[in-house]
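*Asks:* First, the structure itself, so that you have it in front of you.
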Amino acid sequence: MKNKPLIILITGASSGIGLDTALSFLNRGAVVYGAARRVELLKPLEDKGGYGIFCDVTDAASILNCVNKIIKREGRIDILINNAGFGLGGSVEEVPLEEAKKQFDVNVFGLTEMTKAVLPYMRKQKSGRIINISSIGGKFSSPFLGWYHASKYCVEALSDSLRMELHQFGIKVSIIEPGLTRTDWGKITAKNIRKNSLIEDYSYNADKVAEYYEKYYVSTNTKISKPSVITKIIQKAAFSKHPKPRYKAGTFSSFYIYGSKFAPTWLYDFAMRILMKIK
Ligand SMILES: NC(=O)c1ccc[n+]([C@@H]2O[C@H](COP(=O)([O-])OP(=O)(O)OC[C@H]3O[C@@H](n4cnc5c(N)ncnc54)[C@H](OP(=O)(O)O)[C@@H]3O)[C@@H](O)[C@H]2O)c1
């Protein structure tokens, strides 16, 4: 293994945190496979010497095809970064079940199916790292984002189980908990909140919450972390001799995580209403 370049597979590499991370690993001499559905957006990665692969993480055949291609070519995968994900917005009452299932298909089952496809090779190697991109939203809930939080809570729970199950094989599992990070995530989430807000009773609050995300992610007047902040933390999880089980990073990560952990629930709820300007 010594002197051999690391073989890295990262999902959701077509934009945001995934693309930035993929490019950063190339700069460190790794062999990088970036997976996504919009393969045309993988061109910047290919131009720098990486490999783009089509993969829809909700499709079992697509996952297997992606992993098999890498194994056939490289014989191993050293690091899997499960990054593909999106934010499903809307009140719990309004989000249709089909959409809620889609949220879990991508953020939870996509992540576990990809992991299951890679694990037989990592177990055989007796080494490997799995880095799961969760969110600060895997530690607390906020209004109009219930299904997203539920999916990221699942990522946290499953990653903790995996870490203990895989210890005996020398495979390390880390969770990354990004705070607000300037990518398409916020724009997509705000759009989802508006799209799913159909009941008049919810519309005032839904608008306010969508505006909150637009304020941070769409407007350039507010400052939130660049994807490179999260990339640096992912690199720590990839290269540390003893990677931590979880890393938080980026705008508001400490504020939200410690706030929700230590503040009484009534205070946390009150703060959330003030922050999001909702009733
Ligand atoms: N930005 C933030 O503030 C923030 C905060 C906390 C956590 N996160 C998490 O960070 C991760 C990356 O998000 P981002 O912020 O970089 O947003 P982004 O720019 O929207 O990137 C999301 C990526 O996920 C991929 N994806 C979505 N559905 C997919 C599917 N069915 N199959 C395969 N790939 C799929 C997209 O690729 P294709 O559409 O091309 O397939 C895209 O590359 C997500 O898990 C997100 O929940 C983000």
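The values are calculated or read from the model by the stated rules, or taken from the named source; none is laboratory data. Not measured: the values here are computed from a predicted model. Neighbour counts run over all protein chains shown; Cβ positions are idealised from the backbone, glycine included.
*Asks:* Name the pairs: first residue in the stretch 146-169 and closer than 28 Å to residue 196 by Cα, second residue acidic (Asp, Glu), Cβ to Cβ under 8 Å, at least 6 apart or on different chains?
*Replies:* Pairs that qualify, where the first residue is closer than 28 Å to residue 196 by Cα and the partner is acidic (Asp, Glu), are 147/99.
*Asks:* Does residue 125 satisfy being at pLDDT 95 or above, more than 9 Å from the ligand (Cβ to nearest atom) and farther than 21 Å from residue 13 by Cα?
*Replies:* yes
*Asks:* Condition check: without any contact (Cβ under 8 Å) to a residue 60 or more places away in the chain and surrounded by fewer than 20 Cβ atoms within 10 Å (Cβ to Cβ). Does residue 138 satisfy that?
*Replies:* no
*Asks:* Of everything in the stretch 142-169 that's within 14 Å of the ligand (Cβ to nearest atom) and part of a loop (DSSP other than H, G, I, E, B), which residue is surrounded by the most Cβ atoms within 10 Å (Cβ to Cβ)?
*Replies:* Here the residue is 145.
*Asks:* Can I ask one more? Please give the number of the condition residue 5 fails out of (1) in a helix (DSSP H, G or I); (2) more than 16 Å from the ligand (Cβ to nearest atom).
*Replies:* Among (1) in a helix (DSSP H, G or I); (2) more than 16 Å from the ligand (Cβ to nearest atom), the lone unmet condition for residue 5 is (1).
*Asks:* Could I ask something else about it? For the stretch 62-72, check the following and say yes or no: at least one residue is over 23 Å from residue 125 (Cα atoms) and within 12 Å of the ligand (Cβ to nearest atom).
*Replies:* Yes; the residues of the stretch 62-72 include at least one that is over 23 Å from residue 125 (Cα atoms) and within 12 Å of the ligand (Cβ to nearest atom).
*Asks:* Further, regarding this structure: Could you tell me whether the stretch 176-189 includes any residue that is buried (at least 19 other Cβ atoms within 10 Å of the Cβ) and among the aliphatic types (A, V, I, L, M)?
*Replies:* Yes, the stretch 176-189 contains a residue that is buried (at least 19 other Cβ atoms within 10 Å of the Cβ) and among the aliphatic types (A, V, I, L, M).
*Asks:* Turning to a different aspect of this structure: Has the stretch 171-193 got any residue that is of a type in the set (Val, Ile, Thr), away from the ligand (no atom under 15 Å from the Cβ) and assigned to a strand (DSSP E or B)?
*Replies:* Yes - at least one qualifying residue is present in the stretch 171-193.
*Asks:* Name the helices (runs of 4 or more DSSP H) wholly within the stretch 9-93 that hold at least 1 residues that are of a type in the set (Lys, Arg)?
*Replies:* Passing ranges, in order: 43-47, 60-74.
*Asks:* Of everything in the stretch 89-103, what is near the ligand (Cβ under 10 Å from one of its atoms) and of a type in the set (A, V, I, L, M)? Give them in sequence order.
*Replies:* Scanning the stretch 89-103 gives no hits.
*Asks:* From the list 210, 206, which one is away from the ligand (no atom under 16 Å from the Cβ), in a helix (DSSP H, G or I) and buried (at least 19 other Cβ atoms within 10 Å of the Cβ)?
*Replies:* Only one candidate qualifies: 206.
*Asks:* A follow-up question, please. State all residues of the stretch 28-47 that are more than 16 Å from residue 7 (Cβ to Cβ), surrounded by fewer than 20 Cβ atoms within 10 Å (Cβ to Cβ) and either over 16 Å from the mean Cα position of the chain (by Cα) or hydroxyl-bearing (Ser, Thr, Tyr) (or both); if no residue qualifies, say none.
*Replies:* Within the stretch 28-47, the first condition is being more than 16 Å from residue 7 (Cβ to Cβ), and the residues that meet it are 36-44, 46-47.
The next check asks that each one be surrounded by fewer than 20 Cβ atoms within 10 Å (Cβ to Cβ); those that pass are 37-41, 43-44, 46-47.
Listed by number, the residues that qualify are 38, 39, 40, 41, 43, 44, 46, 47.
*Asks:* Examine the stretch 29-37 for a residue that is farther than 15 Å from residue 55 by Cα and either touching a helix residue (DSSP H, G or I) at 6+ places or on another chain (Cβ under 8 Å) or within 12 Å of the ligand (Cβ to nearest atom) (or both), and state whether such a residue exists.
*Replies:* Yes, that holds for at least one residue.
*Asks:* Taking the condition among the hydrophobic types (A, V, I, L, M, F, W, C), near the ligand (Cβ under 10 Å from one of its atoms) and closer than 25 Å to residue 239 by Cα, does residue 80 pass? If you could, list the steps in order and put the result at the bottom.
*Replies:* Numbers: among the hydrophobic types (A, V, I, L, M, F, W, C): yes; near the ligand (Cβ under 10 Å from one of its atoms): no; closer than 25 Å to residue 239 by Cα: yes.
No, not satisfied.
*Asks:* Test residue 89 against the stated conditions and say whether it is over 30 Å from residue 204 (Cβ atoms) and crowded, with 20+ Cβ neighbours inside 10 Å.
*Replies:* Numbers: over 30 Å from residue 204 (Cβ atoms): no; crowded, with 20+ Cβ neighbours inside 10 Å: yes.
Criteria not met by residue 89.
*Asks:* Kindly indicate which of 25, 54 is more than 14 Å from the ligand (Cβ to nearest atom) and of a type outside the set (D, E, K, R).
*Replies:* Going through 25, 54 in turn, just one is more than 14 Å from the ligand (Cβ to nearest atom) and of a type outside the set (D, E, K, R): 25.
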